[in-house]
Amino acid sequence: MRNDPDRFGFEIVATDGDARAGVLSTPHGTVETPCFVPLATRGSVKGLLPAEVSGAGYEMVLGNTYHLMLAPGSERIAALGGLHEFMGWDRAIITDSGGFQVFSLAFGSVADEIKGRRGRPPLDGGVLGIDEEGVRFRSYLDGSEQFLSPERSMEVQARLGSDIALVFDECTPFRADYDYTARSTERTDRWLQRCLDWHAEHGPRGQAVFGIVQGGTHEDLRRQSAESVAAAGVDGIAVGGTLGRDKEQMREVVGMTVAMLPASAARHLLGIGEPDDLVAEIGAGVDSFDCAVPTRLGRHGMALAPLPERRFRYDVRKRRNAEEPGPLVSGCPCPACTGFSRAYVHYLSRAEELTGVRLLTMHNLVYSRELVAGAREAIVAGRFASYRDAIMAGAAPWEAASA
Ligand SMILES: [Zn+2]
């Protein structure tokens, strides 16, 4: 690990079993871990102002290289002062590399694959070609030909000026066989080195670089990838790629992968963030998470809630909520729950009022924040296992924290 106090840093302040509480230091302030990172895919957390996101307790958001390079373009964002200045967010930003997006275009999503929706065969969906150099694809906005490579991804992220950049990796499809995954993991290794070489010469001062462990669901490939990422001198390590077909397999793959990582490295889990996943993977030793779930659910009328038997959510638009005078979730400190009835949010959601989306997004982000903050408190107090068990048994985060 690099260890320069003027730049990125990660310090573990407490451990409880495999779970860790820590602090990330970035040029835009500290981030307490474990943490959940809301998506600001196109340079905004959809529907919210930066002050509302930080007011909900968030210290870092995630911007998307793929989307921001297509519009408004990294040159324009750089000319306007970088992504922090452009979006009015003065706390930490992590940017993904665009790898996941271009390879999802090529292969379809894991959900598509598992559900048998293979309408988009490889090298369709806007991808023109994948080779050792990088990926050529068509912009979904204007059809223009675009190119992403390790160097290009790092250049875009340098222009955006994020605090943490992720290396450009090949994200293999779930259906990829062992040989394909092995070759792809080796390519990701070579791309990692190209990313670090570019960054060493051109990267902005203070920007950290996280490597990404690939290898699909195969233990030996995960180990090989984890070892080369750890040996490459990165600032932190993200776990990416196919984690399996269901939660059970995901727990196995994440658990074995995290156990292969150096204890001192900050560990980020890409694209995972449902309440049960958060407590399970914090228990496995993951420090940070990003996921579309809280914000996306909010846009679809769904509220996170302590309902393990219903995937920790319910549909606010269901008729049974029409006359409910209480809050979305009893005891929740969010603006929706402290200021409005469930009946009001139900009515707004059914009427497709923007305020309804905003209230549900705020609720889901505050709920997720309470969940990870409660986990941190429990780790520091040495009672994480009982916190996790209480959450899985249906306690709200603020109840589990005082249990
Ligand atoms: Zn709430």
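All of the numbers you see were taken from the coordinates with simple rules; none came from a lab. Note that the structure is a prediction, hence the values are computed from the model and not measured. Cβ placement follows ideal geometry from the backbone for every residue including glycine, while neighbour counts extend to all protein chains displayed.
Residues in the range 58-80, backbone N under 12 Å from the label point at Tyr140 (7 Å along the Cα-to-beta-carbon vector): list them, ranges by number please.
Under cut-off, by backbone N: 66-68.
With n ≥ 4 as the cut-off for DSSP H runs, can you work out [θ] at 222 nm for the chain, using -39500 (n - 2.57) per run divided by the number of residues, rounded to the nearest 500?
-12500 deg cm²/dmol
Report the FRET efficiency, 1/(1 + (r/R0)^6), for Glu252 and Ser402, where r is their Cβ-Cβ distance and R0 is 41 Å, rounded to 0.05.
0.80
Quick one: plug the Kirkwood hydrodynamic radius of the range 302-402 (C-alpha pairs) into Stokes-Einstein at 20 °C, 1.002 mPa s, and report D in µm²/s.
154 µm²/s
Any idea how far apart Leu307 and Ala200 come out in nm if each label point goes 7 Å out from Cα toward Cβ?
Computed distance between label sites Leu307 and Ala200 equals 5.3 nm.
Could you tell me the relative contact order of the chain? Use alpha-carbon pairs under 8 Å, at least six residues apart, and round to a whole percent.
17 percent
Can you compute 3J(HN,Hα) from phi for each residue in the range 247-255, using the Karplus curve 6.51 cos²θ - 1.76 cosθ + 1.60 with θ = phi - 60°, rounded to whole Hz and x for Gly and Pro?
Running phi through 6.51 cos²θ - 1.76 cosθ + 1.60 with θ = phi - 60° gives 5, 4, 5, 4, 4, 4, 5, 5, x Hz.
Residues with amide H under 5 Å of Ala266's amide H, sequence separation 5 or more or different chain, H placed in the peptide plane at 1.01 Å from N; which?
Answer set, sorted by chain and number: Ile237.
Grab the Cα-Cα distance for Tyr347 and Asp131, subtract it from 0.36 nm times how many residues apart they are, and report the gain in nm with one decimal.
Between Tyr347 and Asp131, full extension yields 72.6 nm more.
Might you report the magnitude of the Cβ-based charge dipole of the range 279-372 about its Cα centre, with Lys and Arg at +1 and Asp and Glu at -1, to the nearest 20 debye?
Charge dipole of the range 279-372: 380 debye, to the nearest 20.
Under the rule a/c < 1.5 gives rounded, and otherwise a/b versus b/c splits prolate from oblate, where does the range 9-291 land using the Cα gyration tensor?
Because its axes are fairly even, with a/c under 1.5, the range 9-291 counts as rounded.
Would you work out if the range 175-288 is rounded, prolate or oblate? Take a ≥ b ≥ c from the square roots of the eigenvalues of the alpha-carbon gyration tensor; rounded if a/c is under 1.5, else prolate when a/b is larger than b/c, oblate otherwise.
Note, shape of the range 175-288 comes out oblate.
Please give the contour-minus-distance gain from Ile12 to Arg183: 0.36 nm per residue of separation, less the Cα-Cα distance, rounded to one decimal in nm.
58.1 nm
Alpha carbon centre of the range 293-348 versus the range 168-215: separation in Å?
39 Å
Cut-off is 10 Å between beta-carbons; in what order do Glu59, Glu201, Glu186 appear when sorted fewest neighbours first?
With the sparsest Cβ surroundings first, the list reads Glu201, Glu186, Glu59.
Residue by residue, what Karplus-based ³J(HN,Hα) values in Hz, rounded to whole numbers, does the range 171-184 have, using 6.51, -1.76 and 1.60 with θ = phi - 60° and x for Gly and Pro?
9, 6, x, 4, 7, 4, 7, 4, 5, 4, 4, 5, 5, 5
Mean separation of Cα pairs under 8 Å and 6+ residues apart, divided by the residue count of the range 120-195: what relative contact order is that in percent?
Rounded, it is 22 percent for the range 120-195.
Can you list the residues, at least 5 places off or on another chain, whose amide H is less than 5 Å from the amide H of Cys35, using H built in the peptide plane?
Here Ser288, Phe289 satisfy the definition.
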